[in-house]
Amino acid sequence: MSDRTPSFDGALVLTGGGTGGHFFPAMALAEGARRRWPQRAIAFVGARRGIEARELPTSPWPHLLLDVEGFLGRSPLRAARSAWKLWRATARLKAMWRKARPWAVIGTGGYGAAPALLAARALGIPYFLHESNAAPGALVKLLAPKARRVWCGLEGVRSLLPGADCLVVGTPVREAFLRDFPAASALEPPFRLLVLGGSGGARALNEALLEIAPALLEAAPEWELLHQAGPAEFERLKDRPRHPRHALVPFITRMDEAMEAASLVLSRSGASTCAELKAAGRGAILVPLPTSANDHQRMNALALASEGRAAMVEQGPEFPARLRASLALRMTDADARRHLSVPPEPNQAVGLSLDDLGAYFARGSAAQATTTEMK
């Protein structure tokens, strides 16, 4: 466990991580809760090896990081070890929460959220789920029936969670995205292609970019490339030859500013990234992760493409050539690029979710007051 164990008594606990698609919605909800209930303690619970293990220690948020890991794709022996770690972490939280009971728990998915949500269910602590993706994950499916509410990013998720009390709110975005963004069409040269290759499973995307970027940038002299590779991939790729206008960085802290300066974005299609693209009004070429659970990234990309906000390029045979053709079309043809320039869509997911959370406790308080009066 982390050394910065928070006080959970009466706290709103946020849990979710492993990837940015799970962690950043939790961060957005925490930011909103802090504004709405400034006196309420807020704490995070996550995993030692997820994105939260990098982000939370440098943040002001009290947090607890647990030794848990995912099950998917594991050998029977490693799956058994993962199950043992999950049981141990859940038991530790249950022991803590019997003495210092949280106000509520909000889970946004990922294996790092499992201990807190399982502990909340076992102890009768109110818990809420947010499912950003078009296809719900295994943890959400398991816990949705007894959740006080499941907040859904997309309408289609409702039918995939029978027995759950669902409310469609959209996907929360961080506070920095809750502002006005200038239209992409207002940007002037040098135009920027922003490449988000820092997510888990992005090696194929990073490799393809290094292969095709020199020819792309030679054919489009008014363009530059800002390429987020992720810390591990950056170390692997930093000494590879690159075009002079191809900047490679391990991580982008102010993603809102990076998107604001981008005329086009290339990325995997995690739900959090898709929500940020909509909030910023930036068109994208999306490459779904082929191994995403329940093929949810492909469904996310198709949803954005159906709104005219993205084009989808799938991995497979001749992937670099097909990706190069799709990028070259938008980088050299302003009309083709404008077809992806749908205006920003204000994001209301945080407000709708927290309105619902507050209403739940208000109903409980009203019911308790009525019972007291009747006595």
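Remark on segment 194-299: Rg and Dmax equal 13.4, 40 Å (Cα only). Legend: residue pairs 85/238; 85/141; 94/141, Cα-Cα distance threshold 30 Å; pairs beyond threshold, 85/238.
In degrees from 0 to 90, rounded to the nearest 10, what is the angle of the helix 203-219 Cα long axis to the longest principal axis of the chain? Taking Cα atoms only, the helix is inclined about 30 degrees. Since only 279, 123, 196 are under comparison, the one whose Cα sits farthest along the positive direction of the charge dipole of the chain, derived from C-beta charges on Lys, Arg, Asp and Glu, is 123. One Cα centroid belongs to segment 1-62, the other to segment 85-162; the line between them spans 14 Å. The angle between the Cα long axis of helix 319-332 and the longest principal axis of the Cα atoms of the chain comes to about 80 degrees, rounded to the nearest 10. For the chain, leaving out every one of the GluC sites (Glu not before Pro) that falls in a DSSP loop and has at most 15 other Cβ atoms within 10 Å, the longest unbroken run is 1-221. Principal-axis analysis of the Cα atoms of the chain puts helix 76-99 at an angle of about 50° to the longest axis.
Laboratory data are not the source of any read-out in this text; all were calculated from the coordinates shown. Computed from a predicted model, the values in this text were never measured in an experiment. Quick reminder, even Gly has a Cβ in these numbers, built from the backbone with ideal geometry, and neighbours come from all protein chains shown.
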